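Structure first, commentary second.
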Amino acid sequence: MQHVVQIMHTSARVGTMPEKLRLDELAEERLSARDKGLPVRAYGNTVREFLDSDPQLGEFWTPLVVLDADAMRNNLDVMSEWTRVRGLELMPHGKTTMAPALWQKQLDAGCLGITLATMGQVRTARSFGLSSIMLANAVVDERSLRYLAGELADPEVRFVCWADSVTTIEAMERALRDIDLSRPVDVCVELGADGGRTGARSIEAALDVARRTAASDVIRLAGVAGYEGSLGHDRSQRALGAVRAYLQNQVELHQALGDLYDDGEIYVTAGGSAYFDVVADVYAEAMGEDSRTRWTLRSGAYITHDDGFYRGISPLDEAGTNVARPLRSAMYGVARVVSHPEPGLALLDGGKRDFPFDEGLPIPRATASDLGHEWVTFNGAAVTAMNDQHSYLSVGVHDVTLGEVVTLGLSHPCTAFDKWHYLPVVSSSESDRVIDLVRTFF
């Protein structure tokens, strides 16, 4: 049975203005031939100047990955409402897009902050003024810790990272004691699971980490963290059972740490983009008894969703049970037929350097004689293999001609954004008008 609770926190969700990043400089960047996919007439213009010239998608070169603004708005609204009703905070994983302009949209939709994966990403985020950051990782490098100490001198910065061993805490301490530190570094104890990724492998081991953290004069115990997504890859009973058991252990660990916590902010956090419904369900009972803690999801892929992996596993996809307003795929690829060497086989000009492939190959959706022309739905076609710069298109009953373009459903946004410097944004899937260029920082 799914539990739904409403808990009010003093946070970005309730009664405060969303954080505003410094994005103006992005509009003044100059476009060039180094930015793949852009039309030639964009070269030398700033982003602002190019967008003011009413660009159309038909001007762009293939291959290309396109974002759908209307679908992204839908997804932001859907996830904001879903978490609000359940009393959950949301600090979406910014590594998914590494696009500050999209982080801003998530913050505007009520997110508490942004999660990141490396200190290099933290440094990028801070350069845009992001002040509420969770690092879903440990920090043990002295150079990174020295940088972090400087950032923590700003009282507006909220930063929390993870640790999964006493050795990690001791490594942090050695570096931090030689640094002029204005306040302790907030650390969540990361609980893992056998066969999972990082994280202490038992509640007992995690308790040892927590006790050592609480005893430190330069590190502060800030809660419990972890990632359940590596415990399953589908929604089978086995996978859901493993995820649920792990999350129950997280709650048990958090409750065992009660006497070690001080009066500062405390987090319990989990949630990739596959099992966040299970996270909400398991957390619900404990949340009703603990309104002080920030029960926080880190799901990041929802902003674009996809046509592959997340379409098949997300609880908010249209195929889910009783999903009144589903997430919609807000990204797609475009590639051109550059070879038709034998009957039934065509080669496209986009490959592994352009489109994600780690969680499923692109899915042919429609064809047109060129970008900006009328699309015809593809039937029976499939991408069967990919090279660096080619995709193998088995055309099925709908043949293609040389120069024709194909739209592709994509799987796994986390490995789509990293292949592009700029991604054009159209106002909707029915529109050819480009209203923005999303800049990434990988």
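Rule-based calculations on the coordinates, nothing more; no lab input. Since this is a predicted model, take the numbers as computed values, not measurements. No Cβ is skipped: glycine too gets one built from the backbone with ideal geometry, and neighbour counts run over all protein chains shown.
At Ser202 and Asn387, where each label point lies 7 Å from the Cα along Cα→Cβ, what is the point-to-point distance in nanometres?
Distance between label points: 5.3 nm.
For segment 333-399, what relative contact order do you get, as a whole percent, if you take Cα pairs closer than 8 Å and at least 6 residues apart?
Details: 119 pairs, mean separation 22.9, N = 67.
Relative contact order here is 34 percent.
Compute and list, largest first, the equivalent-ellipsoid semi-axes of the chain from the alpha carbon gyration tensor, each √(5λ) rounded to a whole angstrom. Don't jump to the answer; show the numbers that get you there.
Details: eigenvalues 330, 122, 77 Å².
Gyration-tensor ellipsoid for the chain: 41, 25, 20 Å.
Contact order normalised by length for segment 72-304, with contacts defined as Cα pairs under 8 Å and 6 or more residues apart; what percent is it?
Computed value for segment 72-304: 19 percent relative contact order.
How large is the Kirkwood hydrodynamic radius of segment 331-410, in angstrom, based on all distinct alpha carbon pairs? Intermediate results must be reported in sequence, preceding the final value.
Details: mean 1/r = 0.0826 Å⁻¹.
One decimal place: 12.1 Å for the Kirkwood radius.
Using only C-alpha atoms and all pairs of different ones, pull out the Kirkwood radius for segment 12-130 in Å with one decimal. Before the final figure, lay out each step's value.
Numbers: mean 1/r = 0.0615 Å⁻¹.
After inverting the pairwise mean of 1/r, the radius is 16.3 Å.
Which value, in nm² and rounded to one decimal, describes the direction-averaged projected area of the C-alpha convex hull of segment 289-341? List each step's numbers first, then the result.
Values: hull surface 26.1 nm².
Quarter of the Cα hull surface area: 6.5 nm².
How would Ile169, Ile203 line up from fewest to most surrounding beta-carbon atoms within 10 angstrom? Write down the numbers at each step before the final one.
Details: Ile169 27, Ile203 14.
Starting with the residue having the fewest Cβ neighbours, the order is Ile203, Ile169.
Would you please state which residues of segment 86-119 a label at Leu23 would reach in this model, taking the label point 7 Å out along Cα→Cβ and a backbone N cut-off of under 17 Å?
92-115
Tell me the Kirkwood hydrodynamic radius of segment 208-365 in angstroms, computed as one over the mean inverse distance between distinct C-alpha pairs.
On the way: mean 1/r = 0.0536 Å⁻¹.
Its Kirkwood hydrodynamic radius stands at 18.7 Å.
If contacts are Cα pairs under 8 angstrom and at least 6 residues apart, what is the relative contact order of the chain in percent?
Details: 975 pairs, mean separation 85.9, N = 442.
Averaging sequence separation for qualifying contacts and normalising by length gives 19 percent for the chain.
Which of Glu265, Glu170 comes first, and how do the rest follow, when ranked by fewest Cβ neighbours within 10 Å?
Numbers: Glu265 17, Glu170 14.
Fewest-to-most Cβ neighbours within 10 Å comes out as Glu170, Glu265.
Suppose the chain between Asn322 and Ala245 were pulled fully straight at 0.36 nm per residue; how much longer would it get relative to their current alpha carbon spacing?
Working: separation 77, 0.36 × 77 = 27.72 nm, distance 2.45 nm.
Between Asn322 and Ala245, full extension yields 25.3 nm more.
With label points built 7 Å along Cα→Cβ from the Cα atoms of Arg30 and Ile435, find their separation and express it in nm.
Once both label points are built, they end up 3.0 nm from each other.
Give me the extension gain from Glu156 to Gln237: residue separation times 0.36 nm, minus the current Cα-Cα distance, reported in nm with one decimal.
Details: separation 81, 0.36 × 81 = 29.16 nm, distance 4.37 nm.
So the chain would gain 24.8 nm between Glu156 and Gln237.
Could you work out the local net charge near Gly403, counting Lys and Arg as +1, Asp and Glu as -1, over the other residues with Cβ closer than 12 Å to its Cβ? Mind showing how you got there, number by number?
Values: positive: Arg336; negative: Asp349, Asp370, Glu404.
Local net charge: -2.
Restricting to the chain, compute how many DSSP beta bridges are antiparallel as a %, nearest 5. Kindly include the intermediate steps, with their values, before the conclusion.
Numbers: 34 of 63 bridges.
Antiparallel bridges make up about 55 percent of those DSSP assigns within the chain.
Could you give the nm distance between label points at Asp262 and Glu170, where each point is 7 Å from its Cα heading toward the beta carbon?
About 2.4 nm separates the two model spin labels.
Starting from one equal scatterer on each C-alpha and no solvent at all, send me the Debye-based log10 I(q)/I(0) for segment 72-304 at q = 0.10, 0.11, 0.15 Å⁻¹, two decimals.
Computed log10 I(q)/I(0) values: -0.42, -0.52, -1.00.
Please list the three semi-axes, largest first and in whole Å, of the ellipsoid equivalent to segment 296-442, using sqrt of 5 times the eigenvalues of its alpha carbon gyration tensor.
Numbers: eigenvalues 134, 60, 51 Å².
The answer is 26, 17, 16 Å, longest axis first.
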